[in-house]
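Below: the structure, in structure tokens.
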Amino acid sequence: MDVITALTHRGSTRAFLRDAVPKTLIASILDAARFAPSGSNIQPWEVHVTQGTVRDAIVTAVTEAARGPTDAHTPEYAYYPTTWYEPYIGRRRACGWGLYSRLGIIKGDHVRSQAQELRNFCFFDAPVGVFFFLDPALTVGSWLDTGMFIQSVLLAAEGHGLASCPQAAWLPFHRIIKSHLEVPLERRLVCGMALGYKDPQASVNDYRPGRIDAQAFTTWHTDAAPP
């Protein structure tokens, strides 16, 4: 698969087959992603891959915690803005309700909405859960570098025939995750990721949120006429 095809065909999968993914295949994905760029080549990312009993233990512990008081767990950093405004709030709503509509969840159905949210914490049934960490002493540039590395993992997975879903939902439960992975508490959890084979029968996997046209976010400074 060429890189343009991988970019345009990759989507966030929310229903996986439970089929096991060979460790050698995961290693090949990470081996390709390691060539992602980073400032001064410091390669700041730290990756923890979970399968089997460790994955299942994290799923059980975090799902139980997520069913508890909402203020009992807080993320280490704010992934989203405190105050939403246009055009971002409109895009977020369109994505959320477009997804829930595909699942047959109507606005106000809090029971089914919560059930779908909890599916984050079983990696949407994917057999592989990946967590990305950073040294807390590193700053904004290393977060950007890690984002490029994560995108490289997503594209490499696509190229190997695997589906994926990057997940910020894990962030409030970083203490539980670090405990199970024996990661130092001061390490920063950047995000999680579900990895596995896409369930071809699940209609939710057909949902693709819209993307704005490149002309909407591009300003040209050139002597040539814009395309």
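Data table
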| item | result |
| --- | --- |
| Residue identified as at pLDDT below 95 and among the polar types (S, T, N, Q) among T63, T70 | T70 |
| Every residue from segment 118-154 that is closer than 16 Å to L17 by Cα and part of a helix (DSSP H, G or I) | R119, N120, F121, C122, F123, F124, D125 |
| Condition met for R175 (of a type in the set (K, R), within 18 Å of the chain's Cα centre (by Cα), under 25 Å from T74 (Cβ atoms) and assigned to a helix (DSSP H, G or I)) | no |
| Pairs with Cβ under 8 Å, 6+ apart, first in segment 28-47 and of a type in the set (D, E, K, R), second surrounded by fewer than 11 Cβ atoms within 10 Å (Cβ to Cβ) | none |
| Long-range neighbours under 6 Å by Cβ, at least six apart or interchain, first residue under 26 Å from L103 (Cβ atoms) within segment 13-26, second surrounded by 20 or more Cβ atoms within 10 Å (Cβ to Cβ) and aromatic (F, W, Y) | R14/F124; A15/F124; F16/F124 |
| Looking only at segment 193-204, and only at residues there that are touching a helix residue (DSSP H, G or I) at 6+ places or on another chain (Cβ under 8 Å) and not hydroxyl-bearing (S, T, Y), the one that is surrounded by the most Cβ atoms within 10 Å (Cβ to Cβ) | L195 |
| Residue ranges of helices (runs of 4 or more DSSP H) in segment 1-104 with at least 2 members closer than 21 Å to F131 by Cβ and of a type outside the set (F, W, Y) | 23-33, 52-66 |
| Number of positions in segment 105-117 that are free of Cβ contacts under 8 Å to residues at least 12 places away in the same chain and either assigned to a helix (DSSP H, G or I) or small (G, A, S) (or both) | 6 |
| Verdict on A169 being assigned to a loop (DSSP other than H, G, I, E, B) and either surrounded by 13 or more Cβ atoms within 10 Å (Cβ to Cβ) or of a type in the set (S, T, N, Q) (or both) | yes |
| Flag for G104 being more than 16 Å from the chain's Cα centre (by Cα) and either modelled with pLDDT of 95 or more or closer than 27 Å to A27 by Cβ (or both) | no |
| Criterion: in contact (Cβ under 8 Å) with a residue 60 or more places away in the chain, surrounded by fewer than 20 Cβ atoms within 10 Å (Cβ to Cβ) and among the basic types (K, R) - qualifying residue of R211, R187 | R187 |
| Every residue from segment 139-149 that is β-branched (V, I, T) and either without any contact (Cβ under 8 Å) to a residue 60 or more places away in the chain or in contact with a helix residue (DSSP H, G or I) (Cβ under 7 Å, 6 or more places away or on another chain) (or both) | T139, V140 |
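One line per residue, one yes/no per condition, for (1) closer than 19 Å to A65 by Cα; (2) part of a helix (DSSP H, G or I); (3) of a type in the set (D, E); (4) free of Cβ contacts under 8 Å to residues at least 24 places away in the same chain:
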{"site": "A156", "(1), (2), (3), (4)": "no, yes, no, no"}
{"site": "L195", "(1), (2), (3), (4)": "no, no, no, no"}
{"site": "H221", "(1), (2), (3), (4)": "no, no, no, yes"}
{"site": "A224", "(1), (2), (3), (4)": "no, no, no, yes"}
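Let's see how each residue does on (1) under 27 Å from I42 (Cβ atoms); (2) in contact with a Phe, Trp or Tyr (Cβ under 7 Å, 6 or more places away or on another chain); (3) aliphatic (A, V, I, L, M); (4) crowded, with 18+ Cβ neighbours inside 10 Å:
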position: L118; (1), (2), (3), (4): no, no, yes, no
position: V128; (1), (2), (3), (4): yes, no, yes, yes
position: S142; (1), (2), (3), (4): yes, no, no, yes
position: H160; (1), (2), (3), (4): yes, no, no, no
position: C191; (1), (2), (3), (4): yes, yes, no, yes
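The values are calculated or read from the model by the stated rules, or taken from the named source; none is laboratory data. In this text the structure is predicted, and so the values were computed from the model without any measurement. Reconstructed Cβ throughout: ideal geometry from the backbone, glycine too, with neighbour counts over all protein chains shown.
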